[in-house]
Amino acid sequence: MNIQGQAALVTGGGSGLGEATARELARLGAKVAILDVNLVNAQKVAAEIGGIGIQCDVTNGDSVQAAISEAAAAHGPARILMQIAGIGSAKRVVGKDGNAAPLEDFAKVVNVNLIGTYNVARLFAAACAKTEPGEDGERGAMVFTASVAAFDGQVGQQAYSASKAGVAGMTLPMARDLAQHGIRVCTIAPGLFATPLLRTLPEPIQASLAASIPFPARLGKPEEFAQLACHIVSNGHLNGEVIRLDGALRMAPR
């Protein structure tokens, strides 16, 4: 799919990997709608790239539907969906106090990262399936965000790893499901990236994390994630695949 002129949605586009992806889409000529729970961040980035910022809770069907409709009114029906909204968590199953981890913490992470991803995908796909097909019968492309934690999660990452493994696991069946509508689905599983959240860590910890990556021995750049996400959209034969973007990193137990 040629990104130039296409309407695109980016969940979590107000910061980090989502922001970088929104900027790359705009650079390539897309009409970008940033969907983020933080409206201030969404509108700030949108103003800088000539897009629109929309407040959206990915776990709420009405919120997502309203955001998709608002974006379509401004840019036309979206054919590109970049799903980057997500949250993290670190809780041991049995804490130092001997008590079990709160179930609510596990449920919250799965609700945002996995159910939220499916929620936006189903509503985007329903709208996209009604558009006219382009070359090869293609109507749209979706890129999800998993994590290397889906495959080698660390101690305390039960909720995060389970949620991201779920995203990776639904990639192929969703690609097969939506093939009849000409909608492709792929997932990126990033490793350690220099996001604002990670940049809050002390420099020695950042350096230690970077040194754990075989090559290149540095944190990933958000623009590298964005470039891969946009390449997936542009490469019509990429479908149903989960791609690790991690410099050959395999996470240690802790």
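Only the coordinates and a few stated rules stand behind these numbers; no lab work does. The model shown is predicted, which means the values in this text are computed figures rather than measured ones. In this analysis, Cβ positions are derived from the backbone assuming ideal geometry, glycine residues included, and neighbour counts consider all displayed protein chains.
Placing unit charges on each Cβ (+1 for Lys and Arg, -1 for Asp and Glu) gives the chain a dipole about its Cα centre, and among HIS237, PHE225, PHE151 the Cα reaching farthest toward its positive end belongs to PHE151. Can you give the net charge of the other residues whose Cβ lies under 11 Å from the Cβ of VAL10, counting K and R as +1 and D and E as -1? Neighbour charge sum, excluding VAL10 itself: -2. Other residues whose C-beta falls under 12 angstrom from the C-beta of MET1 contribute a net charge of 0, scoring Lys and Arg +1 and Asp and Glu -1.
Helix 16-27 and the long axis of the chain differ in direction by around 30°, with both axes built from C-alpha atoms. Taking a spot 7 Å from the Cα of ILE87 along the direction of its beta carbon, which residues of the range 42-56 have an amide N less than 17 Å from it? Inside the label zone: 56.
Computed extension length for GLU138-SER212: 22.6 nm, one decimal, from 0.36 nm per residue of separation with the Cα-Cα distance subtracted.
Grouping the Cα pair distances of the chain into 10 Å bins from zero gives a pair-distance distribution of 8, 32, 37, 19, 5, 0 percent in increasing distance order. Rounded to the nearest 20 debye, the dipole magnitude of the range 7-245 is 260 debye, with +1 charges on Lys and Arg beta carbons, -1 on Asp and Glu beta carbons, and the Cα centre as origin. Between ASN38 and ARG122, what's the calculated FRET efficiency when r is the beta-carbon distance and R0 is 35 Å? Round to 0.05. Efficiency, rounded to the nearest 0.05: 0.90.
When shorter helices are ignored and each DSSP H run of at least 4 residues is given -39500 (n - 2.57), the per-residue value for the chain at 222 nm works out to -13000 deg cm²/dmol. Taking the C-alpha atoms only, the angle from helix 158-178 to the longest principal axis of the chain is near 30 degrees.
Quick one: length gained pulling ARG199 to ASP152 fully straight, 0.36 nm per residue minus the C-alpha distance?
Working: separation 47, 0.36 × 47 = 16.92 nm, distance 2.23 nm.
Length difference between fully extended and current span is 14.7 nm.
Once a ≥ b ≥ c are taken as the square roots of the eigenvalues of the Cα gyration tensor of the range 98-170, is the result rounded (a/c under 1.5), prolate (a/b larger than b/c) or oblate (a/b not larger than b/c)? Oblate, because a/c is 1.5 or more while a/b does not exceed b/c. With Cβ to Cβ distances under 13 Å as the rule, what net charge do the other residues near PHE225 carry (K, R +1; D, E -1)? Once all neighbours under 13 Å are counted, the net charge is -2.
Once you reduce the range 12-79 and the range 153-204 to the center of their Cα atoms, the two points are 19 Å from each other.
Between HIS237 and LYS108, full extension at 0.36 nm per residue minus the direct alpha carbon distance yields a gain of 43.0 nm. The angle between the Cα long axis of helix 116-128 and the main principal axis of the chain comes to about 10°, on a 0 to 90 degree scale.
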